[in-house]
Amino acid sequence: MTEQPEQDATETEARRKFRQALERKANNARSQRAHLESRLKIKGSGAVNNGTRQFRRKSG
């Protein structure tokens, strides 16, 4: 029964590392989205067009 504290310590260490990796991934995604949105000429044009889509027929 002496293995329990060691196992808990390694498990919490793994959880901590995993949580840090998720935070880094989320921060990268937020910074990339902000970068791409700032490059748009018309603000809000990167969003969906209120659900309206235009379909064009192929001419041939």
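The values are calculated or read from the model by the stated rules, or taken from the named source; none is laboratory data. Quick caveat: nothing in here was measured; it's all calculated off a predicted structure. For accessibility, only protein heavy atoms count, side chains too; no ligands or nucleic acids. Shrake-Rupley method; radii C 1.70, N 1.55, O 1.52, S 1.80 Å.
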Exposure ranking of Phe18, Phe55 by accessible area [1.4 Å probe, largest first]: Phe55, Phe18
Contour minus Cα-Cα span, Arg16 to Gln32, at 0.36 nm per residue, comes to 3.3 nm
